[in-house]
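The values are calculated or read from the model by the stated rules, or taken from the named source; none is laboratory data. What you see is a predicted model; the values in this text were computed from it and never measured. Cβ coordinates were reconstructed from backbone atoms using ideal geometry, including for glycine residues, and neighbour counts include every protein chain displayed. All accessible areas refer to the heavy atoms of the entire protein, side chains included, with ligands and DNA or RNA removed. Shrake-Rupley method; radii C 1.70, N 1.55, O 1.52, S 1.80 Å.
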Amino acid sequence: MRTRSAIVSSFLNVGQITRTWMVIGATLIWCINWIGNGSLRADDGAIADGSDKQPNIKTLPGFEVELVYSVPKSEGSWVSLAVEKPGRLVASDQYGRLYRITPGDTAADTKVEPLLAKIGRAQGLLYAFDSLYVMAHAGDDQPAGLYRLRDTDADDQYDKVELILPLDGGGEHGPHAIVRSPDGQSLYICAGNHTKPPAFQTTALPATWEEDQVIPRQWDAGGHAVGIMAPGGWIAKVDPEGKSVRLVAAGFRNEYDIAFSAQGELFTYDADMEWDVGAPWYRPTRVNHVVSGAEFGWRSGTGKWPAYYPDSLGSVIDIGPGSPTGVTFGTGAKYPAKYQNAMYIADWSYGIIYALHLKPSGASYTAESELFCSAPAMQVADMVINPSDRLLYYVVGGRRTQSSLYRVHYRGTESVEFARPAPRTREQEERLLLENLWHSNMGEFAVDSIWKYLANPDRHLRYAARIALEHQPTETWKPRLSQTQDTQTTLEMCLAAVRCRVPDCKPIVMGQLSALNWDELSVEQRLHLLRVYGLASVRLSDFSAEDWQTVIAHVGQRFPNGHVHTDLELARLLTAAKHPAATATMVQLLRAAPSQEEQIHYAYCLAYATTGWAPELREDYFRWFVDSANLRGGHSFGGFLANIRKQAVESLDWNAMDAQATKSLEAVLELKPTETNPIAELEARPVVKKWSMADLISKVDAPLTGRDFENGKKMFAVTQCFKCHRFDGTGGIVGPDLSAVRRRFSKHDLLESLLEPSKVVSDQYQATMFQLADGRTVTGRVVNLNGDQYMVQEDMLNPGRLTTIKVEEIEEMKASEISMMPSGLLDTLTEDDILDLIAYLRSGGDRTFSEVAPR
């Protein structure tokens, strides 16, 4: 018999098998491939003065992109940009010095000169207070930090260089952007999660941040950010001299840039961890509304907080995989009002500038995204609006790639007069009042002012009120903890008490929580309840086994609940509670879950479950790891699966098993995963018909009533949609979220995108065709750049295998007209299956929607 350690070791090749798949690939890749942001034609926009070997940059109708300057290699690869004085810009080489640019009427007229100041390597630049502020990375004799440059002798060169705020961090997750506050009196700076927070004189986010993991966290299997603890990336307010630093928000992964709207609201575009793709803890690139005291829940490895946790805030909009860089608002640009009010965000990896159109939503915002400019390998690093000509300027560069400076004109017929910003909503004004009054100050009447907002239906108002409460001395509000009658106020008060570790609060908190009637709680309140129970278990030192029994008595019988997020959190909490009955339920959910993210979550929890195991449950659980070899994910995905299984084996109590159970389990542990065709299940289904629009359009255009919701959901899984697409809070994230398809597309367009995926191909997901000098043709998506090389993903079903193309090998680059989503995906479905699928997609997951509601 082989030793058990050998069995574990031999199985770890699951990591070797799956690690090669760096991004999820599956049958319905980019299903409804234009769903994200509509479609742009190659001739919609134009580029003037050539493109320096770039393919045509696609823009919206009426807009034109102009090359301002092609940066010679001797001047480096530019990654940051700022407006200096009227008509002039300053840029920085990622690994070198600063340059001053005076844009001309044409590229030939543009003047560029190096600044003489011995400083560079800047990923943030700002001209303010008669100074050039530089967020510099360490290099040569230059420490990292915020510098202030001044011209003291009026020779138009910065002769005084002063480090006003040293920072401990570097690389591409180091110190980043600098912007001026809306009132013009201060600076705001941001830094990625590899930058240690400086000493804050004050904090808007109470300095009580912790990891808050209800079950143990595993570090990244690829070794990234191991040992980095909360608060992660942060944003701070700094006075012009760098003497006073106030923490504004934290919990980011790597926010490269920040920007204020015309209303004075702060936003950022935070990075994903691409190695996590396919795992339940993956968070897509997303735009965050950075309110005072915000916590966005980045934690290293598997520890990232879901967006629905009440002690963090979610996103304005999720974008998907990418590499966020520059952001700015179009305020004052010589564009139509819609684009003056837009927020512009840059995706370095995929060569896209999005225009986001923000819509007030209570005390915060939602947004819709639109492709503004795009081109393969257009690695946009930073953007500014130049007030001298009111145009958007953006710089392309980074990682020693070819740099260029562009500007975007509007040549259309709409008015470009200065647009008036939309007023704030009443809820936004109330949130600002709470933030300005009570996120710093303590006062006799503070709790009375805050109290009514704890029960407000608006999440951002409740969040602002709770943060304000946590800033007050706990003795001023602890008496109310046992007196509150309102359910939402109870939940917020208990959350604040646990986070602040209010002395002797545990009996009150547990009593208040356990008295809540589960059946009367909304889904949001149930998630809130489960989170506070979990936090109490990790933050309160006197939390005991008896308290866990209280938790089990209150919520144990509610598992499974039928709501995806609620079941995920019940699994997490009941695992920590060592609830025996939860183990069999988790194994059942593991096997029934339609998405791999749900499966992995249950597998993770089960790895730490130590009670409730029967021999058949153990064997079924470990057989799942054999099957999991065909799941797809990012660079760390296979390592994560191997580590989860390793933990599960270590949790086994071999002494509690009889001889037969031991022998049977060891046989299962000996099994080795076998990689198979990821779409073998779909291909094995018999072809029903080669469906066409003519076959189905009349049925789809007719009213769809009484369709089968459950069968539609099943077809969504059968055709592998869940592997790439999120729907109703579950599924993959590498493709567009399909939850809102009904609001954006007709039934006709929906059917057409499924049957004829290449008829309209979105620029966002379009492949590039490279014609090489040796006669070869390479077609795929450019996913990374480094120096003079493109890394191209040719096979979405084997995304870890990248083809390297050197720039000098390329004779021609052009957009491919073939969709990355294969055709014929519905050919194994019956007519009823297809109609059920379409009705299911249009339902958005709402079982009461008329097309799927029972007759």
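Here are the numbers:
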| read-out | value |
| --- | --- |
| Lone unmet requirement of (1) of a type in the set (G, A, S); (2) in a strand (DSSP E or B); (3) open to solvent by 30 Å² or more (accessible area, probe 1.4 Å) for S404 | (3) |
| Pairs where the first residue, in region 148-170, is farther than 23 Å from Y188 by Cβ and β-branched (V, I, T) and the second is surrounded by fewer than 16 Cβ atoms within 10 Å (Cβ to Cβ) and at pLDDT 95 or above, C-beta under 9 Å, 6+ apart | T152/D159; T152/K160 |
| Meets criteria (closer than 24 Å to E492 by Cα, of a type outside the set (F, W, Y) and open to solvent by 10 Å² or more (accessible area, probe 1.4 Å)) for A576 | yes |
| Lone qualifier among T566, T585 - being closer than 21 Å to E524 by Cα, free of Cβ contacts under 8 Å to residues at least 60 places away in the same chain and of a type in the set (S, T, Y) | T566 |
| Region 310-320, subset in a loop (DSSP other than H, G, I, E, B) and open to solvent by 10 Å² or more (accessible area, probe 1.4 Å), residue nearest to L437 (Cα to Cα) | P310 |
| Residue that is surrounded by the most Cβ atoms within 10 Å (Cβ to Cβ) [pool: residues in region 513-554 that are β-branched (V, I, T) and closer than 23 Å to R501 by Cβ] | V532 |
| Test: residue in region 67-86 that is modelled with pLDDT under 95 and over 20 Å from L391 (Cα atoms) | yes |
| Residue satisfying condition, being at pLDDT 95 or above, open to solvent by less than 30 Å² (accessible area, probe 1.4 Å) and basic (K, R), within set R459, R426, R499 | R499 |
| Residues (touching a helix residue (DSSP H, G or I) at 6+ places or on another chain (Cβ under 7 Å) and either in a loop (DSSP other than H, G, I, E, B) or at pLDDT below 95 (or both)) located in region 600-613 | Y608, A609, T611, G612, W613 |
| Within region 87-106, tally of residues that are modelled with pLDDT under 95 and β-branched (V, I, T) | 1 |
| Exclusive hit being closer than 22 Å to T268 by Cα and modelled with pLDDT of 95 or more, set L146, L163 | L146 |
| Scan of region 169-199 for residues that are within 20 Å of the chain's Cα centre (by Cα) and under 13 Å from A230 (Cα atoms), ordered by number | G192, N193, H194, T195 |
| Matching residues, region 378-400, being of a type outside the set (D, E, K, R), closer than 18 Å to D257 by Cα and in a strand (DSSP E or B) | V380, A381, M383, V384, I385, N386, L392, Y393, Y394, V395, V396 |
| Long-range neighbours under 7 Å by Cβ, at least six apart or interchain, first residue more than 20 Å from A225 (Cβ to Cβ) within region 627-647, second of a type in the set (A, V, I, L, M) and open to solvent by 10 Å² or more (accessible area, probe 1.4 Å) | A629/I17; K646/V8 |
| Given (1) among the aliphatic types (A, V, I, L, M); (2) open to solvent by 10 Å² or more (accessible area, probe 1.4 Å); (3) farther than 24 Å from R501 by Cβ, number of the condition A230 does not satisfy | (3) |
| Matching option when the condition is assigned to a loop (DSSP other than H, G, I, E, B) and open to solvent by less than 50 Å² (accessible area, probe 1.4 Å), among I189, I235, I215, I164 | I215 |
| K747 modelled with pLDDT of 80 or more, touching a helix residue (DSSP H, G or I) at 6+ places or on another chain (Cβ under 9 Å) and among the charged types (D, E, K, R) | yes |
| Candidate set: region 549-599, residues that are among the polar types (S, T, N, Q) and within 21 Å of F625 (Cβ to Cβ); chosen: the one modelled with the lowest pLDDT | S595 |
| Checklist (1) under 26 Å from D653 (Cα atoms); (2) of a type in the set (K, R); (3) open to solvent by 50 Å² or more (accessible area, probe 1.4 Å) applied to R618, failing item | (3) |
| Some residue of region 629-649 being buried (at least 16 other Cβ atoms within 10 Å of the Cβ), of a type in the set (A, V, I, L, M, F, W, C) and more than 35 Å from the chain's Cα centre (by Cα) | no |
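To keep it simple, each residue is scored yes or no on (1) assigned to a strand (DSSP E or B); (2) open to solvent by 10 Å² or more (accessible area, probe 1.4 Å); (3) at negative phi.
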{"residue": "A207", "(1), (2), (3)": "no, yes, yes"}
{"residue": "H224", "(1), (2), (3)": "no, yes, yes"}
{"residue": "K243", "(1), (2), (3)": "no, yes, yes"}
{"residue": "R246", "(1), (2), (3)": "yes, yes, yes"}
{"residue": "A250", "(1), (2), (3)": "yes, no, yes"}
{"residue": "T268", "(1), (2), (3)": "yes, no, yes"}
{"residue": "P280", "(1), (2), (3)": "no, yes, yes"}
{"residue": "V287", "(1), (2), (3)": "yes, no, yes"}
{"residue": "V291", "(1), (2), (3)": "no, no, yes"}
